[in-house]
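Quick notes on the structure that follows.
The values are calculated or read from the model by the stated rules, or taken from the named source; none is laboratory data. In this text the structure is predicted, and so the values were computed from the model without any measurement. Every residue, glycine among them, receives a Cβ derived from its backbone with ideal geometry; neighbour counts consider all protein chains shown.
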Amino acid sequence: MSLKLQFVVFAAIGFVCVSAYREALKDVIKDCQGGKEVTEDELDEFTKPLVPKNEEERCLMACVMKTYNIINDGHFDHKLAFGIMKGILKDHPEKLERIKAVMEHCGEDVPKHMDNECDLAGEIMQCEVKYQQAMGGQA
């Protein structure tokens, strides 16, 4: 969310939950950018299921994923990524099965370990976007 990947469905979550989550994510992104303020437009862009275009975007995604321990020492924890989404989407069980399928697929498809965590984040997002598209759209 990905963490980014996992943020796809936030619009459907209750306003209070989304607001609190968005503020927490905004703080994480700000920290990952060395204190640079994050606009609402940048936050909206970050939460879309997009493949990072360059090293800077891959490293920002890696930083966010590391903050949530989705990436830890070059390893992708797809179960933890799903656990985060499960908590966020607890009131939307119909979306959880699709997210679970994406996480399980990418848990198998993404390399088990990569020394370059920025590249790992890019691989995770690429897998999630590709698999979501193969399943017929966004989760």
Out of E45, E40, E57, sole residue that is charged (D, E, K, R) and either under 13 Å from M125 (Cα atoms) or in contact with a helix residue (DSSP H, G or I) (Cβ under 8 Å, 6 or more places away or on another chain) (or both): E57
Do we find that E40 is under 20 Å from A20 (Cα atoms) and not β-branched (V, I, T) in this structure? yes
Apart from one, (1) crowded, with 21+ Cβ neighbours inside 10 Å; (2) of a type in the set (K, R); (3) modelled with pLDDT under 90 all hold for K86; the odd one out is (1)
Please name all residue pairs, on different chains or six or more residues apart, with Cβ atoms under 7 Å, provided the first residue is in segment 34-49 and is within 29 Å of G136 (Cβ to Cβ) and the second residue is modelled with pLDDT under 85 and in a loop (DSSP other than H, G, I, E, B). P49/Q138
So, in segment 1-44, how many residues would count as being more than 19 Å from F82 (Cα to Cα), at pLDDT 75 or above and not hydrophobic (A, V, I, L, M, F, W, C)? 15
Given the conditions (1) surrounded by fewer than 19 Cβ atoms within 10 Å (Cβ to Cβ); (2) at pLDDT 90 or above; (3) out of contact with any Cys (no Cβ under 6 Å at 6 or more places or on another chain), report the number of the one that D109 does not fulfil. (3)
